[in-house]
Structure formats: C-alpha cells, structure tokens
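Working notes, beginning with the structure itself.
The values are calculated or read from the model by the stated rules, or taken from the named source; none is laboratory data. A quick note: this is a predicted structure, and the numbers were derived from the prediction, not measured. Ideal geometry is used to build each Cβ from the backbone, glycine not excepted, and the neighbour counts take in all protein chains shown. Please note that ligands, DNA and RNA were not included when accessible areas were found on the heavy atoms of the full protein model with its side chains. Shrake-Rupley method; radii C 1.70, N 1.55, O 1.52, S 1.80 Å.
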Amino acid sequence: RGEKGFGINGGVEMNSLNSAVKKILVIDDEGDILKVVRARLEANGYKVITLDGGKSALEVTKSEKPDIILLDVVMPGKGGYDVCRDLKSDEATRQIPVIIFTAYYSQEKEVEMKSALASADDYILKPFEGQAVITKIKLLLK
C-alpha cells in the first residue's frame, strides 16, 4: 500500500468490489497542482499516481500501466510536448490517452496545435474546473 504523497507509489487502495478502478498518472512539477488534482480524482474513485517531472515518464508509464495520463506542458528538463511525443511513439505506451494541461490559456490555438502535433488526445487549460477534467477523462476512457 502506497502512502499518500507526491511519489510515484502514492494513491489509495480501492476495495476488491471495484476491480475496474481506472489508474491515472498525473505529471506536473507543481506540488500544489498535483495535490489538488489528486484529491479531485481520488474523490471520483480513480487511483492516482503522481510524478513531479517528465524525465522518467516513459519508464513509469511502462511499469505502472496507467489508463490515462494528465501531462503538464512546462516542466524543467523534459517538457510535456516532448514527453507526449515519446509516449505516443513507443509501442508499449502509444495507446494510453494523454491530456495535456497548461496555463497558457491566452494562447489556446497554439496549445491546441502543439497538442495535436505531439499526438495528445486532448488538452485542458489551467486554471481548470475540476468537473471539466473528470468529464474529459470519462470521455477518453470509454
């Protein structure tokens, strides 16, 4: 059992009656964002794994096999668009839906274009309404 926190082993244990619990990997370098997103997703019954940067995203994705990934754009080291391209070009991870999320709300057309070029499945702008994230996740997990 992982402890709640910001490590990749964080999350909550779901009961055995709900074996279809979906696992979400959230990658963002801002601890406050990880905390808020984790709380919202766990409150909606998802298992959450967090990662505070993009450097080891491919390895963690391969080992944890999340059902969907929420991926920040601006992070030190490896940015979200590069991480998304890596994920979508790897046979083992390309089928996992990726939602890019970013604070560049004033440049939505650019975010939309760059997300498409990186093969992201969708994008959402920060600050975001929690229910909007849940809705997008549900649509992509159908």
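A few remarks follow.
- Residues satisfying the stated conditions in region 84-100, i.e. basic (Lys, Arg), under 14 Å from Leu71 (Cα atoms) and touching a helix residue (DSSP H, G or I) at 6+ places or on another chain (Cβ under 9 Å): Arg85
- Conditions (1) open to solvent by 10 Å² or more (accessible area, probe 1.4 Å); (2) in a loop (DSSP other than H, G, I, E, B): number failed by Gly54: (1)
- Residue in region 86-93 that is open to solvent by 20 Å² or more (accessible area, probe 1.4 Å), farther than 29 Å from Gln107 by Cα and in a helix (DSSP H, G or I) present: no
- Residue in region 37-47 that is farther than 14 Å from Lys23 by Cβ, among the polar types (S, T, N, Q) and open to solvent by 30 Å² or more (accessible area, probe 1.4 Å) present: no
- Complete set of residues in region 61-82 that are acidic (Asp, Glu) and part of a loop (DSSP other than H, G, I, E, B): Asp67
- Filtered residues of region 1-27 (kept if at pLDDT 95 or above and open to solvent by less than 10 Å² (accessible area, probe 1.4 Å)): Ile24, Leu25, Val26, Ile27
- Single residue of region 62-81 satisfying the filter (open to solvent by 70 Å² or more (accessible area, probe 1.4 Å) and modelled with pLDDT of 95 or more) that is nearest to the chain's Cα centre (by Cα): Lys65
- Subset of region 26-84 (residues that are over 21 Å from Lys142 (Cα atoms), of a type in the set (S, T, N, Q) and touching a Leu at 6+ places or on another chain (Cβ under 8 Å)): Thr50
- Some residue of region 107-114 being of a type outside the set (A, V, I, L, M), open to solvent by 60 Å² or more (accessible area, probe 1.4 Å) and touching a helix residue (DSSP H, G or I) at 6+ places or on another chain (Cβ under 7 Å): yes
- Within region 94-103, considering residues that are open to solvent by 30 Å² or more (accessible area, probe 1.4 Å) and at pLDDT 95 or above, the one nearest to Val73 (Cα to Cα): Arg94
- Within region 115-142, tally of residues that are part of a loop (DSSP other than H, G, I, E, B), open to solvent by less than 40 Å² (accessible area, probe 1.4 Å) and among the small types (Gly, Ala, Ser): 2
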